[in-house]
Each structure stands twice: as C-alpha cells, then as structure tokens.
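One structure is given here, and the rest of the page talks about it.
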Amino acid sequence: MRKKLAAGNWKMNLTPNEARDFAAKLAPKTKGDSDVVFCVPFVSISDVVKAVEGSGVSVGAQNMHFEEKGAFTGEISASQLVGAGAKYIIIGHSERRQYFLETDEIVNKKLIKALEHGLIPIVCVGETLKEREDGITIELVRMQLKRGLLRLTPEDAAKTVIAYEPVWAIGTGKTATSEQAEEVCGAIRTLLEELYGKNTAEQIRILYGGSVTADNASELFAQKNIDGGLVGGASLKDDFEVIAKA
Ligand code: 13P
C-alpha cells in the first residue's frame, strides 16, 4: 500500500526566521497517517530542520544543480542539501521550466544526481491550458516522464515521487476536477507500468498539485491513483493542517 504524502512547496516566501516560526507551529498539527514534507527556500532549510525535529515532518528543497560540485556560481548541490538536512527535492517544477528554461533533459540529470545522494525526488509534470485545449495532455505528460525518467532503474523509480501539476491550475484557484486529475494520474500509472512493470508502478506515489485547498483536498486524494498533494499557496496557511490530514 502506498503511503500518502502531503508536500508543501513554499516557493520564494518567508525569511529564515519567519520560516522557522511557521514550521515550528504547523509541524506538530500535521501529525497523522501521511508523510508530510515542507519544501522550503535553501536559506531556511537548516532552521526548518531544527524547528520540525521530533514532529515526523521532513524538509525538502525546491531545486538543485545536477553536477556534483565545482565552478557553478550560485548553484546548490545534492550533497549540500543532504548536509543541510533535506530529505526531499522538487525537480522540474513548471515555474522552473517556464522561467529558468529547464528541459526534460535537465530534469533527468537532476533526478539521477538526487537519487545518487539518497534524496527523494518529486518530479513535476503537467500541461499548459493551450496543450489541454489542443487535446495533447496525456501524450505530453507521457513524453515529459519518458524523457525525465530516462535510464532510471526500477529500484530508483520506486523511490521517486511524481507530481502531476497542470500549469493552468497553479496559483489560479482553478483546481482540476477530481476526474481530470485522476484521468492523468491513471495514465501516468499506466506509463510507469509499461516502463517498470506492475509491481514497481504500484509502489510509486503520484501527487496532484494546482490550487489544492482545505476544501478540495479530500476528494482529490480519494482518487485511486492520487497519493497526496503538492501544495503551494495553501501550504503557507493553517489550511495545510487540514490538507495533511486529508
Ligand atoms: P498552488 O497550490 O498555489 O496552486 O501551487 C501549486 C504548486 O505549484 C505546488 O508546487
């Protein structure tokens, strides 16, 4: 049975002090049957790791570089994240694809490096509104994953988390209906089965992200192929307690 996962993506919000205080207050309230992770800005990782100690909450980062180390001014490596106490890493978020020109090839390199260092990757995929209207959602998401997960062993695939985040639903208040979300997450499961076999595909957690709120979380997470959420705006509010419990 797959354990549900509630992941908060704090994006570029809160100073380290604000992050520490918010995390310390929220973490104990999220205790339940699900895994919970706060993906925080780099500069807040160490403080938040201390703030959530003993609560069962894990800490993650929102990006990393794919090289081991070296002359990459301004970048952060997987081993630096591990050293700071991060357990999870978001890879290929649509905001990184859109504003920082990340490609599926870069996603793939980051994924391989993250796994090498024992980080749990959350690989994001999803279509724009135009792509949905053009009727190519499933094909597009399959291609993002085929390229993004290239050369992954079934063992590594089993450790990877996939997040389906339709771009048109992110930060817009336009949540995908549970049918729309389940249709794509089901198609993702089918692809994972083609790539890694049924056993492995059944172990991989698939999250939905895009305007998840305290009101819509439980219906979304009740779908057969949705194993939790990747939450932006609502992860910075008390709503996240309700979402984690859903
Ligand atoms: P919102 O929950 O604010 O729509 O953001 C979703 C997201 O991008 C999570 O990674």
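The values are calculated or read from the model by the stated rules, or taken from the named source; none is laboratory data. Given the structure is predicted, the values throughout are model-derived calculations rather than measurements. Here Cβ is always computed from backbone atoms with ideal geometry, including for glycine, and neighbour counts include all displayed protein chains. Ligands, DNA and RNA are excluded from the accessible area calculation, which covers all protein heavy atoms including side chains. Shrake-Rupley method; radii C 1.70, N 1.55, O 1.52, S 1.80 Å.
What percentage of the solvent-accessible surface of the chain, computed with a 1.4 Å probe over protein heavy atoms, is contributed by carbon and sulfur atoms?
Whole-percent figure for carbon plus sulfur exposure: 53.
Taking a probe of 1.4 Å, how large is the accessible area per residue of region 1-103, in Å²?
Each residue of region 1-103 exposes 51 Å² on average to a 1.4 Å probe.
Give the range of the longest stretch in the chain that excludes all GluC sites (Glu not before Pro) found in loop regions by DSSP and having at most 15 other beta-carbon atoms within 10 Å.
76-246
Based on the alpha carbon coordinates of the chain, what radius of gyration and maximum Cα-Cα distance (Dmax) apply, in Å?
Computed over the Cα atoms of the chain, radius of gyration and Dmax are 16.6, 48 Å.
Can you flag which of K11/K109; K113/K159; K109/K130; K29/K237; K4/K25 are past 19 Å Cα-Cα? Don't skip to the answer; put the middle values down first.
Details: K11/K109 22 Å; K113/K159 13 Å; K109/K130 28 Å; K29/K237 12 Å; K4/K25 22 Å.
Pairs exceeding the cut-off: K11/K109; K109/K130; K4/K25.
Once the dipole of region 156-205 is set up with Lys and Arg at +1 and Asp and Glu at -1 on Cβ about the Cα centre, which of A176, I162, I188 lies farthest towards its positive end?
Farthest towards the positive end: I162.
Report the relative contact order of the chain, percent, no decimals, based on alpha-carbon pairs under 8 angstrom and at least 6 residues apart. Walk me through the intermediate numbers first.
On the way: 495 pairs, mean separation 51.6, N = 246.
Computed over the chain, the figure is 21 percent.
Which loop-located trypsin sites (Lys or Arg not before Pro) does region 1-55 contain, where loop means any DSSP state but H, G, I, E or B and the Cβ has at most 10 other Cβ atoms within 10 Å?
When the trypsin sites (Lys or Arg not before Pro) of region 1-55 are filtered for loop state and at most 10 Cβ neighbours within 10 Å, K3 remain.
Which trypsin sites (Lys or Arg not before Pro) from region 174-232 combine a DSSP loop assignment with at most 16 other Cβ atoms within 10 Å?
When the trypsin sites (Lys or Arg not before Pro) of region 174-232 are filtered for loop state and at most 16 Cβ neighbours within 10 Å, K174, K224 remain.
Which residues does the label zone of Q180 cover in region 206-226, counting backbone N under 19 Å from a point 7 Å along Cα→Cβ?
Answer for region 206-226: 207-226.
Which Cα, out of F22, A7, F42, lies furthest along the positive dipole direction of region 7-140 (beta carbon charges, K/R +1, D/E -1)?
The listed residue farthest towards the positive side: F22.
Set the Förster radius R0 to 35 Å, insert the Cβ-Cβ distance between I136 and S55 as r into 1/(1 + (r/R0)^6), and round the FRET efficiency to 0.05.
For I136 and S55, the calculated efficiency is 0.25.
Counting only heavy atoms of protein chains, what accessible area per residue, in Å², does region 104-246 have with a probe of 1.4 Å?
On a per-residue basis, 43 Å².
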